[in-house]
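Below: the structure, in structure tokens.
The values are calculated or read from the model by the stated rules, or taken from the named source; none is laboratory data. Remember, predicted model here, so these are calculated numbers, not experimental data. Here the Cβ positions follow ideal geometry from the backbone for every residue, glycine too, while neighbour counts run over all protein chains shown. Accessible surface is based on the protein model in full, side chains and every heavy atom, while ligands, DNA and RNA are left aside. Shrake-Rupley method; radii C 1.70, N 1.55, O 1.52, S 1.80 Å.
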Amino acid sequence: NNYLAREKVDSLKNIFDEAITIAESSQSPFYFGFSYNFLGLYYDIFSTHQNYDSALTYYYKGFKHISKESPNEIHAILCNNIAAIHHNISQLDSCKYYAELGYQYADSLDNYLMKSSNLGMLSSYYWTTGNYSKALECHNKALELARIQGDSNRIMLSLLQIGTTNIRAEKFEEGIEILKSVLINFGTSYQHSFKQVVNLNIGAAYIDLDN
């Protein structure tokens, strides 16, 4: 965190390499999975030279090692990260496979955050493939989980995604009403730019509705 705060992002690579060395000395599948996940994140997110191929290589290495362990949070995290890259490079069958697998791991652990994250990846897959009804199923499931947890941020995010997906599916009136409810219930809690984005989506939906 200190390196990120100081914007010395490239120095993270040395730290993550050192973590691999420690994992090798312990021969712990968990530490291998944990460390390779961070090396994957370095190339996926942190590095100024984003490299999906390298990120996937490390994510898969981590997944191979962690597969020797009983299911734990790292399984679900790695699946979600792998699915995200496959989505970004339009390898959609692999995206769906790992998002579903990640959700299964998270569900077996009753890990709320990773269930939500993998549902988010599944919804992205269905959105991209034009299956908006399945995308809505994922968003509604995530909304249900967020309400059980009392997680207002994820409730807002799920409602926003449900409204936007309804509009994309040409259910304009339903989508508009949901987005209006987001503004009413959550608008005061977020920056002006957030309200602008929601209002733009509502405005665009009204234009489509009139046409």
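Things worth noting here:
- Residue match in the range 65-80 (condition: open to solvent by 90 Å² or more (accessible area, probe 1.4 Å), in contact with a Lys or Arg (Cβ under 9 Å, 6 or more places away or on another chain) and at pLDDT below 95): no
- Verdict on Ser70 being closer than 22 Å to Thr128 by Cα and not in a helix (DSSP H, G or I): no
- Apart from one condition, Gly150 fits all of (1) in contact with a helix residue (DSSP H, G or I) (Cβ under 9 Å, 6 or more places away or on another chain); (2) open to solvent by less than 70 Å² (accessible area, probe 1.4 Å); (3) over 14 Å from Ile77 (Cα atoms); the exception is (1).
- Within the set Leu145, Leu157, the sole residue that is open to solvent by 70 Å² or more (accessible area, probe 1.4 Å) and either more than 19 Å from Leu41 (Cα to Cα) or not in a helix (DSSP H, G or I) (or both) turns out to be Leu157.
- The lone exception for Leu113 - which of (1) under 29 Å from Leu143 (Cβ atoms); (2) in contact with a Ser or Thr (Cβ under 8 Å, 6 or more places away or on another chain); (3) of a type in the set (A, V, I, L, M, F, W, C) it fails: (2)
- Any hit, the range 39-55, residues being open to solvent by 10 Å² or more (accessible area, probe 1.4 Å) and closer than 30 Å to Lys171 by Cα: no
- Test result for Gly102, closer than 12 Å to Glu73 by Cβ, touching a Cys at 6+ places or on another chain (Cβ under 8 Å) and part of a helix (DSSP H, G or I): yes
- For the residues Glu7, Glu24, Glu18, the requirement of being more than 22 Å from Cys138 (Cβ to Cβ), at pLDDT below 95 and in a loop (DSSP other than H, G, I, E, B) singles out Glu7.
- Within the range 27-38, if we keep just the residues that are over 21 Å from the mean Cα position of the chain (by Cα) and part of a helix (DSSP H, G or I), the residue that is surrounded by the fewest Cβ atoms within 10 Å (Cβ to Cβ) turns out to be Phe30.
- Taken over the range 22-38, residues that are among the hydrophobic types (A, V, I, L, M, F, W, C) and within 10 Å of Ile66 (Cα to Cα) amount to 3.
- Count of residues meeting criterion [part of a helix (DSSP H, G or I) and within 24 Å of Tyr126 (Cα to Cα)] in the range 164-198: 16
- Any hit, the range 127-140, residues being aromatic (Phe, Trp, Tyr), surrounded by fewer than 17 Cβ atoms within 10 Å (Cβ to Cβ), part of a helix (DSSP H, G or I) and touching a residue at least 12 places away in the same chain (Cβ under 8 Å): no
- With respect to (1) in contact with a Gly (Cβ under 9 Å, 6 or more places away or on another chain); (2) of a type outside the set (S, T, N, Q); (3) over 19 Å from Arg154 (Cβ atoms); (4) at pLDDT 95 or above, the lone exception for Tyr98 is condition (1).
- Comparison of Ser108, Ser90, Ser123 shows that the only residue that is surrounded by 22 or more Cβ atoms within 10 Å (Cβ to Cβ) and polar (S, T, N, Q) is Ser123.
- The range 176-188 residues that are under 16 Å from Asp208 (Cα atoms), paired with ones that are at pLDDT below 90 and open to solvent by 30 Å² or more (accessible area, probe 1.4 Å) (beta carbon under 6 Å, 6 or more apart): Leu179/Asn201
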